[in-house]
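What follows is one structure encoded as structure tokens, with my remarks underneath.
The values are calculated or read from the model by the stated rules, or taken from the named source; none is laboratory data. Just so we're clear, the structure is a prediction, and the values are computed from it rather than from any experiment. Backbone-built Cβ (ideal geometry, glycine too); neighbour counts: all protein chains shown. Keep in mind that these areas ignore ligands, DNA and RNA; they rest on the heavy atoms of the full protein, side chains included. Shrake-Rupley method; radii C 1.70, N 1.55, O 1.52, S 1.80 Å.
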Amino acid sequence: MIVEVVNTGTELLLGEILNTNFQYLSRQLNKLGYDVLYQTTVGDNEERLRSVLKIALERADIVITTGGLGPTRGDITKEVIADMLGLEMYLDLDTWDRINSFFVKKGLCMSSNNDKQAMVPLGAEILTNEVGTAPGLALEHDGKLIVLLPGPPSELTYICEQRFLPLLMRRYSQQGVIYSRILKMRGIGESSVAAQLDDIITSQSNPTIAIYARRGEIIVRITAKAADIEAAKAMISGTEAQIYERLSKFIYGVDDASLAEYLGQELLNSGSTIAFAESCTGGLASSMITDIPGSSEYLLGSVVTYSNMAKQKLVNVSAENLEKYGAVSEQVACEMAAGVKDLFGSTYGVGITGIAGPGGATEEKPVGLVYMAVADGNDVRCVKHLFGGTRTENKLRSALAAISMVIDKIKDGRNEEI
């Protein structure tokens, strides 16, 4: 069955919030075998919402809306759909009581405008919301299913898991499943991966392969559609084996694996420890490390040496090098790495210094220039990067590149091919 998701809310179009609802819905529906072929985002405007819904109902079997079920005048999704379908609205007393109880439990008085959330189109199935005030709704029209879900992600997730997805399972025959396996790679470019897998990709049907470049790493997604997950996994396994045969030395993990997790395992396996001195990344690299449970076994400490004073006082960067080469330089990155290693007594020390932007650049040192160094007991290795993204993107790519660099250092110490 074809599904279209219509996301409502002017704030989405303005980029004020990240739309995680569609990502969640698409994953859940694909697992159940539904084909999510379209998504549309529309602001809180009645005319445009009507137009979008009309198109969605023409091309999809199931139309899901997110947002627009709140108590304000800008929340119009339910009212527009009821009017389009010619359905009268009524005050559902059970829903009103539940909303009122929600406020009473919080010691608050329910506002009169919340009555709007208890208004229900005739014939709609109410998808009870126990974690918020706006219920979800399910309607059938001309053989199509229309589902209205609230916008807050926690409420949408609750209604999906407790009400909507079970409803789909009851109403429709088994759609099969769409299952994906994700291989994550480092140390190789997107074009090289594509060239290595070109013959597999050109002959693919089911499963399929897709290649993505994301934040300094390469992701290969293998997707199969089958009657159940076990059958899909079996279909994927042959293709996955072919990819491993050609690119195994670049694959560091699968599915939800992260570089930080991989580094942590490498440090644990070698009985090593690490410490960070970060300037332009502001502690982001060490934060990624601490996202991994058990990281206290190998992360000894971290310092944010953002100013020249901090670089000098905390990790013993020389005033001479700061004056001669500047804070963003190979010499300073190396001193930061060696200094933080000595400060915490770790096996490895990492120094990161650069220009995240948008300001602070010169003709010789542009935005995105980052030096990162790794020190161990034998030497200090430094790498120069020139990233070209926004401030946030440059920080993220710098942190990931530094983590990857430590992995290279560990493997190099074991004389492994990187």
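Of all residues in segment 75-112, those satisfying the criterion of being within 23 Å of Gly9 (Cα to Cα), open to solvent by less than 50 Å² (accessible area, probe 1.4 Å) and of a type outside the set (Val, Ile, Thr) are Asp75, Lys78, Ala82, Leu85. Restrict the check to segment 245-268 and report whether at least one residue is touching a residue at least 40 places away in the same chain (Cβ under 8 Å), basic (Lys, Arg) and within 30 Å of Ala327 (Cβ to Cβ). No, because not a single residue in segment 245-268 is touching a residue at least 40 places away in the same chain (Cβ under 8 Å), basic (Lys, Arg) and within 30 Å of Ala327 (Cβ to Cβ).
Could you check segment 1-31 and list, in sequence order, the residues that are open to solvent by less than 30 Å² (accessible area, probe 1.4 Å) and either β-branched (Val, Ile, Thr) or not in a strand (DSSP E or B) (or both)? Listed by number, the residues that qualify are Val3, Val5, Val6, Thr8, Gly9, Asn21, Leu25, Ser26, Leu29. Within segment 140-147, can one find any residue that is surrounded by 14 or more Cβ atoms within 10 Å (Cβ to Cβ), at pLDDT 95 or above and not in a strand (DSSP E or B)? Within segment 140-147, not a single residue is surrounded by 14 or more Cβ atoms within 10 Å (Cβ to Cβ), at pLDDT 95 or above and not in a strand (DSSP E or B).
Among residues belonging to segment 373-391 that are touching a residue at least 12 places away in the same chain (Cβ under 8 Å) and loosely packed, with under 15 Cβ neighbours inside 10 Å, point out the one that is farthest from the chain's Cα centre (by Cα). Result: Gly377. For first residues located in segment 90-118 and of a type in the set (Phe, Trp, Tyr) and assigned to a strand (DSSP E or B), partners that are open to solvent by less than 50 Å² (accessible area, probe 1.4 Å) and modelled with pLDDT of 90 or more and lie 6+ apart or on another chain with Cβ distances below 8 Å form the pairs Tyr90/Val120.
Could you tell me whether Arg170 is buried (at least 19 other Cβ atoms within 10 Å of the Cβ), assigned to a helix (DSSP H, G or I), without any contact (Cβ under 8 Å) to a residue 40 or more places away in the chain and charged (D, E, K, R)?
Working: buried (at least 19 other Cβ atoms within 10 Å of the Cβ): no; assigned to a helix (DSSP H, G or I): yes; without any contact (Cβ under 8 Å) to a residue 40 or more places away in the chain: yes; charged (D, E, K, R): yes.
No: the conditions fail for Arg170.
Of the residues that make up segment 2-18, is at least one of a type in the set (Ser, Thr, Tyr) and either under 27 Å from the mean Cα position of the chain (by Cα) or at pLDDT below 95 (or both)? Yes; the residues of segment 2-18 include at least one that is of a type in the set (Ser, Thr, Tyr) and either under 27 Å from the mean Cα position of the chain (by Cα) or at pLDDT below 95 (or both). Answer yes or no as to whether Ala361 is of a type in the set (Gly, Ala, Ser) and either crowded, with 19+ Cβ neighbours inside 10 Å or in a helix (DSSP H, G or I) (or both). The answer is no for Ala361. None of Glu155, Glu217, Glu161 is modelled with pLDDT of 95 or more and either open to solvent by less than 60 Å² (accessible area, probe 1.4 Å) or of a type in the set (Phe, Trp, Tyr) (or both) except Glu155. Of the residues making up segment 245-291, not one is open to solvent by 30 Å² or more (accessible area, probe 1.4 Å), assigned to a loop (DSSP other than H, G, I, E, B) and touching a Gly at 6+ places or on another chain (Cβ under 6 Å). Can you tell me how many residues within segment 108-132 are among the hydroxyl-bearing types (Ser, Thr, Tyr) and farther than 17 Å from Met89 by Cβ? The qualifying residues number 2. When Ile182 is tested against (1) within 26 Å of Met84 (Cα to Cα); (2) among the aliphatic types (A, V, I, L, M); (3) touching a residue at least 40 places away in the same chain (Cβ under 8 Å), only condition (1) is not met. Selection within segment 231-244: residues that are open to solvent by 40 Å² or more (accessible area, probe 1.4 Å) and under 26 Å from the mean Cα position of the chain (by Cα). The member of this set that is nearest to Ser404 (Cα to Cα) is Tyr244. Taking each residue of segment 297-314 that is under 14 Å from Gly351 (Cα atoms) and assigned to a helix (DSSP H, G or I) and looking for partners that are open to solvent by 80 Å² or more (accessible area, probe 1.4 Å) and hydrophobic (A, V, I, L, M, F, W, C) with beta-carbon atoms closer than 8 Å, six or more apart or interchain, yields Leu314/Leu343.
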